[in-house]
Amino acid sequence: MLNSTTYKFYVNGEWKESQTGQTIEIKSPYLHETIGKVQAITKEEVDNAISSAQEAQKQWADIPLQQRASYLYKWAEELVNMQYEIAEIIMKEVGKSFKDAKNEVIRTADFIRYTVEEALHMHGQSMKGDSFPGGSKSKIAIIERVPLGVVLAIPPFNYPVNLAAAKLAPALISGNAVIFKPATQGAISGIKMIEAFHKAGFPKGLINVVTGRGSVIGDYLVEHKGIDMISFTGGTNTGTHLAKKAGMIPLVLELGGKDPAIVREDADLENAVQQIVSGAFSYSGQRCTAIKRILVNENVADEMIGLLKAEIEKLTVGSPAEDNTIVPLIDDSSADFVQSLIDDAIEKGATVVTGNKREQNLIYPTLLDQVTEDMRIAWEEPFGPALPVIRVSSDEEAIHIANASEFGLQASIFTKDINKAFSIANKLETGSVQINGKTERGPDHFPFIGIKGSGMGAQGIHKSIESMTREKVTVLNLTD
Ligand code: NAP
């Protein structure tokens, strides 16, 4: 049984219990029982973690890149060795199917390896002075990237291993040390990933895991003078709060979304429906890039809704341990929130095509038709399996509604007319646009960008390395 395990936090290469003796119970969203406890650490323990990161970083930045690379490769190898153990924890802790949880671990090992390879091929630049009027050939600028120092990595619960590594690996390969604050629901998965890191034999202090509620230690971490960069993924409200606290510390924010699927009259409806159902409902829609609204041309709406209904009703519902697609949401209050969006829409005249059934925190996949702009679900992010359909009469109307959102993560366009696809894509206010495919994060080396309420800065392997380093210019003045 897992429920007797109390997990320690990790500082300066050692596993420790908090001096306070206080722990936080982690309950499984589908087993509905405690699967373990994590330490609720104090501000003083946070200070120690940051000091040890600062100390470790200086030497780490000095060692050759090839040596840093070999440690990271070892980490990826240890993750693969522990894939079943880690996947089981992910499944139990965040209620993701075992298959998806195992894929998450493998994807993370791939992510780490690609990050190493990318860094090995990123080189500096040099410039000569005489290309500027009045400049001289004897001035040569050498431009290289240097680490920022200590990176604070805060991921959300939904990909507790992959989204953490998306911060940890680029930070480490480029010579930074890390303070890793996992989402509380996701902390055990994060700790297991760090067990693999520990086995890889890195120098002490490079990653320090601080566990505790974001609402308790979050502000203290974000405002701490020892933090040199913050990489945050989570909700828009938390991200906005954090940005206000961070002051002039470089910040990358990947936040919520309300990704639309725009379906034109000329779309291949079968493909659109397949993509939309997978994009909207996998892991019960608990993904930042889940399709969260359909803007369909009214002339094909009835046909598409018929196809959608048939596909949605094929989705399997139940326990993640049986690899179901629709699984219980992370907690009861998340399910209450999704239900409140569904209820509000029905009250204001939306029709239920399928779903609107609930068992505790398990919400059946729900498709709502005749959704209008006065309904909350037209604008708010459910982070659950509820998908609204808004019927539109033109591309212009679809673009207008798509852009009226406070979010700007991704959008999908379904059409057979490639010229139209590009002309709509050019007008959409999102970080990425998918043509004839679902919205999704990845492949992980593509730039991943949220604008407006969806974030600030960019992730994606190359971009993350850039965001965790800065340019440094050394000018050589030749005298001869
Ligand atoms: P969340 O509630 O915002 O939490 C995210 C992280 O912030 C957690 O580690 C949380 O810790 C921490 N936190 C909370 N308050 C804090 C504070 N005052 N200072 C510092 N950290 C604090 O989000 P979530 O429920 O885990 O994740 C769902 C949201 O993430 C959705 O909106 C989704 O769209 C978004 N998301 C975005 C992306 C993207 O790349 N754009 C990817 C995945 C998810 P605790 O758990 O301890 O509270």
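The values are calculated or read from the model by the stated rules, or taken from the named source; none is laboratory data. Worth saying up front: this structure is predicted, and the values here are computed from it rather than measured. Glycine also receives a Cβ, built like all others from the backbone with ideal geometry; neighbour counts cover every protein chain displayed. What goes into the accessible areas is simple: the full protein's heavy atoms, side chains included, and nothing from ligands, DNA or RNA. Shrake-Rupley method; radii C 1.70, N 1.55, O 1.52, S 1.80 Å.
For the reader, a short list of remarks on this structure follows.
- Filtered residues of segment 44-79 (kept if surrounded by fewer than 17 Cβ atoms within 10 Å (Cβ to Cβ) and hydrophobic (A, V, I, L, M, F, W, C)): 61, 63, 65
- The criterion of at least 1 residues that are touching a strand residue (DSSP E or B) at 6+ places or on another chain (Cβ under 7 Å), of a type outside the set (Asp, Glu) and without any contact (Cβ under 8 Å) to a residue 60 or more places away in the chain is met, among helices (runs of 4 or more DSSP H) falling completely within segment 43-135, by 43-62.
- Among the residues of segment 404-412, some residue qualifies, meaning at least one is within 23 Å of residue 268 (Cα to Cα) and in contact with a Pro (Cβ under 8 Å, 6 or more places away or on another chain).
- Here residue 230 meets the list (1) touching an Asp or Glu at 6+ places or on another chain (Cβ under 8 Å); (2) part of a strand (DSSP E or B) almost entirely, failing just condition (1).
- Here residue 241 clears all of (1) more than 30 Å from residue 157 (Cβ to Cβ); (2) in a helix (DSSP H, G or I); (3) out of contact with any Asp or Glu (no Cβ under 7 Å at 6 or more places or on another chain) except the condition numbered (1).
- The set of residues from segment 247-274 being surrounded by 19 or more Cβ atoms within 10 Å (Cβ to Cβ) and within 16 Å of the ligand (Cβ to nearest atom) comprises 251, 252, 253, 254, 255, 256, 257, 258, 259, 260.
- Among the residues of this structure, residue 92 does not count as one that is open to solvent by less than 10 Å² (accessible area, probe 1.4 Å) and either closer than 27 Å to residue 185 by Cα or in contact with an Asp or Glu (Cβ under 7 Å, 6 or more places away or on another chain) (or both).
- Conditions (1) more than 12 Å from the ligand (Cβ to nearest atom); (2) open to solvent by 10 Å² or more (accessible area, probe 1.4 Å); number of the one not met by residue 421: (2)
- Contacts under 6 angstrom Cβ, first residue in segment 221-234 being free of Cβ contacts under 8 Å to residues at least 40 places away in the same chain and closer than 12 Å to residue 248 by Cβ, partner outside any strand (DSSP E or B) and within 9 Å of the ligand (Cβ to nearest atom), 6 or more apart: 223/245
- Positions within segment 17-43 being open to solvent by 80 Å² or more (accessible area, probe 1.4 Å) and charged (D, E, K, R), in sequence order: 17, 25, 27, 43
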